[in-house]
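Just below is one structure, and these are the notes that go with it.
The values are calculated or read from the model by the stated rules, or taken from the named source; none is laboratory data. None of these values were measured; they are calculated from a predicted model. A quick note on method: Cβ atoms are made from the backbone with ideal geometry, for glycine too, and the neighbour counts reach across all protein chains shown.
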Amino acid sequence: MNTPRTQKLLTLWKWSAIILTILVVAVVFFKQEKPTAKKQKPMIIKDKKEPIPQQVAAPSLDPATLMTPEALVKAGEELIFTSDGRTMNSMGRFPVGKGQCAFCHLFADEQKLARCPDLRNVEKRAQERINDPRYAEFSARYAKVPEPSSQLKPQATTGGEYLIESLYCPSCYIVEGYEKEGSGEHPESQMPFVSEMPMMLNDYEIVATVAYLQAMDTPGDYSKVTAKADWERYFNKKLELGENKRPVALPKENLTKTALLEDSPEVMIEKMGCFVCHKIPTVPIATTGLIGPELTMKNKAIQRINSPEYLKAVEMNRARAVTPKEYILESILDPAAFVVPGYGDGDGMPTDYGMKFTVGALNKLANFLLELDENAGKEESVSGPKKPSSASKRD
């Protein structure tokens with residue numbers, strides 16, 4: 001009976017030894033692995049800061065380089081005609097740059113008739129203008145009290161100074177026949193201040209414009225380009241980049257929403273420069289526009305959206321107005337949607353009015369234009385004008 005018991009004990013000790021051996025081996029194994037884990041742990045949690053990329057400063061423009069006659073003339077050409085240069089289109093018009101000069105002034109013999117003084121050979125004629133007896137009359141008129149809008153007095157002594165003066169003070173001397181209609185004994189120029197909306201040229205840009213005019217008739221010859229010296233002599237100070245002689249806008253005016261609901265339509269038309277190109281009979285400042293279509297829209301809007309040309313633009317998914325008011329809004333916000341026949345091919349209608357009108361102001365101006373017909377500003381006939389239909393054929 002002792003033998004089975006002995007065998008059981010031997011078996012128990014045998015399995016105990018096996019289990020103990022396994023435990024010893026496991027302990028030894030984990031003790032060997034633990035230091036390795038400690039060595040790797042810092043590699044995992046170590047906070048490595050990536051180097052911060054250094055910004056490379058944009059190369060600064062050398063003022064002296066920008067002030068050379070060549071640089072001024074090039075800048076002036078871009079301001080007048082855009083960077084594409086002076087190339088007349090098939091309609092007899094030049095591309096129109098920021099300065100908008102080519103909207104109104106004549107630069108070439110083949111150009112379409114302009115509404116403002118001729119700028120061909122203007123460098124020579126500028127020399128003659130300061131000796132014109134009419135210039136002496138303007139000088140005498142503002143000798144004691146400056147011209148009210150610019151607060152300048154006519155004082156040019158050279159042709160270059162005259163050109164500078166004409167941009168800062170359009171009413172310091174007005175070429176005969178170009179006075180604003182109805183300005184009375186103290187005539188005002190039709191020309192807007194180029195330092196204000198919508199052109200907003202600064203001093204450097206005005207000088208560059210004059211430089212181009214001085215070199216325009218002798219391409220490649222910069223000997224007559226004295227615009228910088230003329231400016232500095234006229235204002236008795238050094239021309240600096242970015243400096244403005246006149247404020248570009250009212251101090252509290254939001255430049256992204258210039259046309260405001262509280263503005264009258266006449267004020268909006270002046271602020272946005274519509275009068276430069278368009279004739280609007282009931283607005284005194286906008287009675288002579290020749291570049292764009294007349295904005296008497298009471299009849300014309302409905303005629304336009306039912307015209308074959310407009311219907312084709314609709315088919316091409318460019319235009320989408322179906323009422324006269326929608327057409328006016330579309331024409332202001334997306335002028336490329338439909339171009340009135342005869343006024344296309346890059347005439348330069350601004351495309352940023354959506355950023356310059358509040359919604360209320362845009363609606364107010366559209367309603368104003370819808371009230372004007374071809375007889376606006378004229379005495380109505382006894383029977384009165386015929387009331388047009390206000391519905392579209394596509395309604």
Test: SER183 is modelled with pLDDT under 85 and either buried (at least 21 other Cβ atoms within 10 Å of the Cβ) or in contact with a strand residue (DSSP E or B) (Cβ under 6 Å, 6 or more places away or on another chain) (or both):
no
Would you check if there is a residue in segment 294-307 being within 22 Å of PRO192 (Cβ to Cβ) and modelled with pLDDT of 85 or more?
yes
Can you find a residue that is over 28 Å from the mean Cα position of the chain (by Cα), crowded, with 17+ Cβ neighbours inside 10 Å and closer than 24 Å to LYS228 by Cα anywhere in segment 138-147?
yes
Residue pairs within 8 Å by beta carbon, gap of at least six or interchain, first lying in segment 94-112 and farther than 16 Å from VAL210 by Cα, second surrounded by fewer than 20 Cβ atoms within 10 Å (Cβ to Cβ) and polar (S, T, N, Q), listed first then second, are PHE94/THR87; PHE94/GLN111; PRO95/THR82; PRO95/THR87; PRO95/ASN89; VAL96/THR82
Please enumerate the residues belonging to segment 311-350 that are under 20 Å from LEU372 (Cβ atoms), not in a loop (DSSP other than H, G, I, E, B) and not aliphatic (A, V, I, L, M).
PRO324, LYS325, GLU326, TYR327, GLU330, SER331
Just a yes or no: is a residue in segment 316-335 touching a Gly at 6+ places or on another chain (Cβ under 9 Å) and free of Cβ contacts under 8 Å to residues at least 24 places away in the same chain?
yes
Among the residues that make up segment 289-306, is at least one of them touching a helix residue (DSSP H, G or I) at 6+ places or on another chain (Cβ under 7 Å), in a loop (DSSP other than H, G, I, E, B) and aliphatic (A, V, I, L, M)?
yes
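So which of PRO95, PRO59, PRO51 ends up being part of a loop (DSSP other than H, G, I, E, B) and either within 27 Å of GLY273 (Cα to Cα) or modelled with pLDDT of 80 or more (or both)?
Residue meeting the stated conditions: PRO95.
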The conditions are (1) within 26 Å of THR287 (Cα to Cα); (2) surrounded by fewer than 18 Cβ atoms within 10 Å (Cβ to Cβ); (3) of a type in the set (Lys, Arg), and ARG93 fails exactly one of them. Which is it?
(2)
Give segment 314-328 a look and list any residue that's buried (at least 19 other Cβ atoms within 10 Å of the Cβ), over 18 Å from PHE275 (Cβ atoms) and out of contact with any Ser or Thr (no Cβ under 7 Å at 6 or more places or on another chain), or say none.
ALA319, ALA321, TYR327
Could you tell me which of the residues PRO192, PRO154 is assigned to a loop (DSSP other than H, G, I, E, B), buried (at least 17 other Cβ atoms within 10 Å of the Cβ) and out of contact with any Phe, Trp or Tyr (no Cβ under 7 Å at 6 or more places or on another chain)?
PRO192
Condition check for ILE22: farther than 28 Å from LEU201 by Cβ, modelled with pLDDT of 65 or more and not basic (Lys, Arg):
yes
Per the list (1) in a helix (DSSP H, G or I); (2) in contact (Cβ under 8 Å) with a residue 40 or more places away in the chain; (3) in contact with an Asp or Glu (Cβ under 9 Å, 6 or more places away or on another chain), residue check on ARG125 breaks on (2)
